[in-house]
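Each remark here refers to the structure printed beneath this line.
Read-outs throughout are calculated quantities, based only on the coordinates presented, and are distinct from any laboratory measurement. Just so you know, these numbers come straight off a predicted model, no measurement behind them.
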Amino acid sequence: MIRPAEIRPATAGPPDPAPAAERRPGPEPAPRGGTLARQRRRLFIPFVGPALLLYSVLFIAPIGAAVWISLHNWAGSGPMTWAGLRNYTRLFHDDLFTQSLRNTLELLFVVGAAVFAISFALTLILRDMAGRKAVRAVIFFPHLVNALVYGVLVGFLFNPDGLANSLLAHLGIHSPPQWLAQDNLFPLIMVTMTWMTTGYFTTILMAGVDRIPVSYYEDCALAGAGPLQRLRYVILPLTWDVFGVCAVLWTISSVKIFEIVWIFGGSSGNGIPPTKTWTSAVYTYATAFSGDSVPSYGAATASAILSLLLVTVLVVLLRRLMRREAVEF
């Protein structure tokens, strides 16, 4: 016989195995996020440590040594003489350095604007062209050619008896410009730099445009969007990160332009190109290894440090100006 005290409602849960006072809270499980973060911290040094050590040996330590040398007067051998910041202040009072820096900035902004304008136009033209892969390989080829070849080619084309003057003579122009004169040499270098690098950046931009799904362009066509609207609302937003990378690459490479200036400058009796064509990289090299006087490694390294600071500031500004929210597609 079942007593009334033993009857439980049908909806009641299972009986509590122990009174509340006798229950002991067990250990709470550790959050998965904390465990994953600890594992990442443990793997950071084994994976990143060797690369960081190699980077420090190959880059950080030489930069520190260069900063130390720039604070001294040193001929490359013998004792160093402390100069402090005088090497840096002398540079800004040196007309040759300011002209070299001005030429570097001119290459950076003027040639850069021409390169990106032409590259962007070629990207839009070649996007729907048949055989664009072959055309892309052709326009990329000038970037693979050594600067020495361009120096020989320019000498063949623009010397007084070269091909350019011969063609002008057939047209009745018997007093052609002095193409290789010092006043015309730097514009010729700028044109050659544009020719050399346009194909490289066109290839990168075309790769960024090619990753846009074709359905986006079809939607634009159905909506009646014209080429400018398609450029503004589809191509630019979806390839903005690619443009940012190209801008950073050009900024870094333009400050280091050296061999094309040295080859085009020819020889002025001691192997140094005309000073009107110098860039900051050529100024640094000529100051350190000039054969006319005692090398000045302190001033040369000060020039190199200023070039490094210029690149750093420009890259940081570019990254901030071109920062956009990533568009996923």
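For HIS72, the residues 5 or more places off, or on other chains, whose built amide H falls under 5 Å of its own are ALA83.
Taking every alpha-carbon pair in the stretch 86-321 and binning the separations at 5 Å intervals from zero gives 1, 6, 11, 14, 14, 14, 12, 10, 7, 6, 3, 1, 0, 0, 0 percent. Using C-alpha pairs below 8 Å separated by at least 6 residues, the relative contact order for the stretch 142-227 is 28 percent. Listed values for the stretch 172-181 are Karplus-derived 3J(HN,Hα) couplings in whole Hz (6.51 cos²θ - 1.76 cosθ + 1.60, θ = phi - 60°), namely x, 9, 9, 10, x, x, 7, 4, 9, 5, and x replaces Gly and Pro.
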